[in-house]
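See structure below.
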Amino acid sequence: MMRPGRSTHSVCARCLTRSRLFSTTSQPRGQQQQNAIPPSPPRAGYTRLTNRGLITITGADSTTFLQGLITQNMLVTNDPNRAARRTGSYTAFLNSQGRILNDAFIYPFPKTDSEAASLDDPAWIVEVDKNEVPTLMKHLKKHKLRAKLKLRALEDGERTVWSAWKDHTEPRWAAYNLESDSSSPFSPDSPVAGCVDTRAPGFGSRLVTPGAEDLRIHLPDESQIAGSEVDLGSYTVRRMLHGVAEGQSEIIRESALPMESNMDMTRGVDFRKGCYVGQELTIRTHHTGIVRKRIVPVQLYTGEQGALESAETPVYDPSTELTLPPSGSNISKDSARKGRSAGKFLSGIGNIGLALCRLEMMTDISLTGESSQYSPGQEFKISWAAAEGESSGPQESGEVKVKAIVPPWTREYINSGGVQKKNPASRQGADELEGRRAREFVEQLEEEEETAQRRHE
């Protein structure tokens, strides 16, 4: 059978939505009510993130303690005085094998806060998946040893985490200057902690406010916070449209790797800092490895692929009703013969979602000089069997088609990484040089670790 020719015309998101490309399948009434489809997110607004929890770390050793546990640098880069950073940032806690335990944000405690004002020592706020707070507390206590610091999990209502955005004004890859005297764009006297959310261009700001009041109580100025409050579902839709994974339901605990979770691209890893738990594999992958799988947004549909081939971002249609696959479901080619898994579905809302995809199989990105397995007309699907017993996922078996869509900034980052070189000999020489540098760096890390152990003894 001849395959229809690929259209050379681009299709805008509005036309794509109006054309009703995606056929629908009805959901069971109980599940449809339980999983209400949220509306599309506005271009400006803010959301109360009730799915995130907070931990405070205070004490003389709090900065060095975090420096040895997270992927982000807690110190100002190139500062001979090794001063602690004055900005919040995106980061991760890893296990000894370099797998992610928790994705997190770290904020300096506002100096005007009553709790921080009584302390002369550094103080930090750690934001993580709310369900993971007890597990992370155990991890922190295990590494505390004799460090002079205090750990405390905050109760609901003590502080509130927010995401705020203004699509029409925020620049690409915005970030606060680490050498700035201010820890945020707000007044130094403000009790609000915050940082730019660097997980996608113009994705917005991350804020932590005291108490449970509305964000505008603390930031009434329209130039700082625009729009009105929207529910968590709309924020999740916006996050998935940008290809941003969050929490351990999407960044799977002790399974996900930092680079596959885009933490190199989103400034969540500092490759120049000193040693920390899980650094060896992360550095080795950065210097010598090729990241073949990444988390990207996906479009779910049941009709023909059609104009989806030209889309740069998924198209969210709240009126589309699709039964979502269970988290962790395998993605395979839409053919009768079973082959290699093309990726794993992580989560979704309506007709969009996030998936860990093999780039050279599901997208047109080529990571090496060799030919990839990608075919423009190839379709992919997710099939699942009926769930047994109680489950939050679909109770009946099902199947849905899925297309991985690489955001422009992700494509730009991968293409600018220098992984493709025209001269194979020069590429081999560069790989050998990087491999030697990586081995020397790992040896240096081992020496530093041995020296640190002797000091503790």
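Once neighbouring chains are kept in place and the probe is 1.4 Å, which whole percent of the accessible area of segment 292-406 is contributed by carbon and sulfur?
Values: 2170 of 4930 Å².
Carbon and sulfur atoms account for 44 percent of the accessible area of segment 292-406.
Taking all protein chains together, 285, 368 sort by accessible area into 285, 368, largest first [probe 1.4 Å].
Given a Förster radius of 45 Å and the C-beta distance between residue 367 and residue 40 as r, what FRET efficiency does 1/(1 + (r/R0)^6) yield to the nearest 0.05?
On the way: r = 33 Å, r/R0 = 0.74.
That gives a FRET efficiency of 0.85.
A probe of 1.4 angstrom, applied to the heavy atoms of all protein chains, finds residue 344 with accessible area near 90 square angstrom. Were the residues from residue 217 through residue 50 laid out at 0.36 nm apart, the gain over their Cα-Cα distance would be 58.3 nm.
Taking a threshold of 30 Å on the Cα-Cα distance, which of the pairs 130/150; 138/381; 111/141; 130/333; 138/166 fall above it? The partial results should precede the final answer.
Working: 130/150 20 Å; 138/381 39 Å; 111/141 25 Å; 130/333 36 Å; 138/166 37 Å.
Violating the 30 Å limit, Cα to Cα: 138/381; 130/333; 138/166.
A crude spin-label estimate for the pair residue 319 and residue 340, with each label 7 Å from Cα along the Cβ direction, gives 4.1 nm.
Tell me the per residue accessible area of segment 237-315 using a 1.4 Å probe; a whole number in Å² is fine. Before the final figure, lay out each step's value.
Values: 2670 Å² over 79 residues.
That works out to 34 Å² for each residue.
The values are calculated or read from the model by the stated rules, or taken from the named source; none is laboratory data. Bear in mind that the values here come from a model prediction, so they are computed numbers and not experimental data. Backbone-built Cβ (ideal geometry, glycine too); neighbour counts: all protein chains shown. Note: areas computed on protein heavy atoms with side chains; ligands, DNA, RNA excluded. Shrake-Rupley method; radii C 1.70, N 1.55, O 1.52, S 1.80 Å.
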